[in-house]
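The values are calculated or read from the model by the stated rules, or taken from the named source; none is laboratory data. Since the structure is predicted, the reported quantities are computational estimates derived from the model, not experimental observations. Here the Cβ is made from the backbone with ideal geometry for all residues, glycine too, and neighbour counts use every protein chain on show. Remember, those area values only see protein heavy atoms, side chains included, never the ligands or the DNA or RNA. Shrake-Rupley method; radii C 1.70, N 1.55, O 1.52, S 1.80 Å.
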Amino acid sequence: MGGYRCLRWALVLVISSSCIVERGYGFSASSSSDAATLAQNRLRESLSSMSGKLTLSAELVIPDPTDPTALLLLATEVQSLSQNIRVSSKANAAFIEVASLSSLSTFCREQESARGNFPGPVPVIYCPKKRRKNNDNDDGDDDDDTTVVVELKDVAAAGASGVLVPLMQGEEELTCVADIADKVGSDIVEYCAKALQCGLQPIPEIVLSKKFLQQQDDQILSSLVDAVIQTCHFPTNNLPAAIVLSASLKVDNNNDDDDDDNDNNDEVVLGLPRVSKELKKRVPILASVRVMAGASRMGSAVADLKEAGYTGAALRSECVPGYRMNPDLKAVGNFWNACISDLKSVKSKSFAGFRANISMDKSVPMEWLKYQKDVIDSGALGDASGPPEDLDDLNSDEGDFVGF
């Protein structure tokens with residue numbers, strides 16, 4: 001009997017340990033693979049639409065405030081921001097850059113609390129700060145460009161599903177497909193492998209140069225994706241959950257010349273190569289939108305991306321006016337709520353040019369004008385010849401007045 005009890009408890013412990021795949025409890029080889037596969041499925045499901053609609057994901061920058069009172073309220077503000085992104089904005093994913101992992105953990109826990117409800121949780125993609133190829137800076141001010149060292153296991157334990165991995169160092173740009181094999185260092189390859197071991201999905205980000213964008217090749221993106229998969233050693237059964245492309249053209253949103261500014265905005269989007277249907281079936285392809293909101297710039301960029309066949313748009317933090325100087329998370333949440341809701345809305349937009357395409361037997365405005373003239377001429381509205389002569393008899397103190 002005692003031996004039976006021991007066997008029963010041993011069996012229970014073995015089953016329990018093999019079923020634990022939650023982040024933060026330590027991974028075996030099988031559990032980390034399961035977690036990475038689960039993250040891949042969640043990200044692919046969120047970043048691609050079965051109906052063919054362009055998915056919209058927002059990048060959020062959550063700094064640590066210096067004011068003591070704001071620091072105490074940070075967790076509450078992060079929770080509200082998380083709920084806003086999920087419920088009001090209905091974003092497909094959240095790219096998050098944080099100053100501390102506690103904010104990331106708060107955001108992810110709030111999303112996970114919606115598991116089983118509608119709308120469900122939004123997958124979170126951790127964004128490390130941009131890295132320099134070398135940290136030498138003549139002015140000695142490189143604090144804003146250096147990467148805060150964060151362990152991937154801590155990012156996974158916080159609840160993130162993926163991590164954004166810039167393949168090029170610092171401000172370096174991709175000029176041709178061969179640059180992937182030549183310039184992607186071994187540290188990037190190891191970083192991607194370590195992310196998979198921690199149950200995270202590495203999402204490569206590639207900055208395309210003007211020279212790359214000028215190449216006229218319909219299959220250039222397919223070749224680029226193949227090079228990324230081969231160089232970064234992605235398993236054949238675990239391809240990237242998505243790939244993010246960014247154009248190197250930088251727009252000066254504060255330019256006083258509106259015409260030049262609009263021309264630059266058009267080049268950012270229209271210069272991106274087209275995505276074939278076959279490639280979209282393999283890997284979701286997202287494109288970064290970095291134009292400041294206003295004057296329909298974001299709407300134009302998103303429409304052009306959809307026309308070019310992209311799976312989704314990564315709406316970067318540069319779209320938020322004054323995002324670096326105004327870390328008000330409530331204002332940021334309200335901005336993305338209004339922005340994404342408008343970009344996803346189809347009200348009136350699908351009927352543009354409707355009247356021009358329909359031949360009408362009668363002109364409605366002209367018929368209405370004739371009707372008004374008939375009523376006025378009939379005298380039903382009084383004498384229309386001019387104002388009355390006895391305006392001096394009006395008593396303004398008693399409330400008499402003449403029109404507006």
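Table for the structure above
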item: Residue that is least open to solvent (accessible area, probe 1.4 Å), among those in the range 298-318 that are among the charged types (D, E, K, R) and either more than 25 Å from Leu221 (Cα to Cα) or in contact (Cβ under 8 Å) with a residue 40 or more places away in the chain (or both); result: Arg316
item: Single residue of Ala93, Ala58 found to be within 23 Å of Val163 (Cβ to Cβ) and out of contact with any Pro (no Cβ under 8 Å at 6 or more places or on another chain); result: Ala58
item: In the range 92-120, residue most open to solvent (accessible area, probe 1.4 Å) [restricted to those that are under 20 Å from Lys53 (Cα atoms) and at pLDDT below 95]; result: Phe118
item: Enumeration of residues in the range 29-39 that are within 22 Å of Gly312 (Cα to Cα) and open to solvent by 20 Å² or more (accessible area, probe 1.4 Å); result: Thr37, Leu38
item: Top-ranked residue in the range 60-91 [being modelled with pLDDT under 90 and of a type in the set (Val, Ile, Thr); ranked as farthest from Ala241 (Cα to Cα)]; result: Thr69
item: The lone exception for Gly52 - which of (1) within 24 Å of Ile243 (Cα to Cα); (2) buried (at least 21 other Cβ atoms within 10 Å of the Cβ); (3) out of contact with any Ser or Thr (no Cβ under 9 Å at 6 or more places or on another chain) it fails; result: (2)
item: All helices (runs of 4 or more DSSP H) inside the range 196-314 with 2 or more residues being at pLDDT 80 or above, farther than 22 Å from Lys53 by Cβ and not aromatic (Phe, Trp, Tyr); result: 210-213, 220-231
item: Which listed residue, of Gly353, Gly322, is modelled with pLDDT under 80 and loosely packed, with under 10 Cβ neighbours inside 10 Å; result: Gly353
item: Selection count, the range 97-129, where residues are among the hydrophobic types (A, V, I, L, M, F, W, C) and over 11 Å from Gly159 (Cβ atoms); result: 7
item: Matching residues, the range 97-112, being in contact with a strand residue (DSSP E or B) (Cβ under 8 Å, 6 or more places away or on another chain) and without any contact (Cβ under 8 Å) to a residue 40 or more places away in the chain; result: Val98
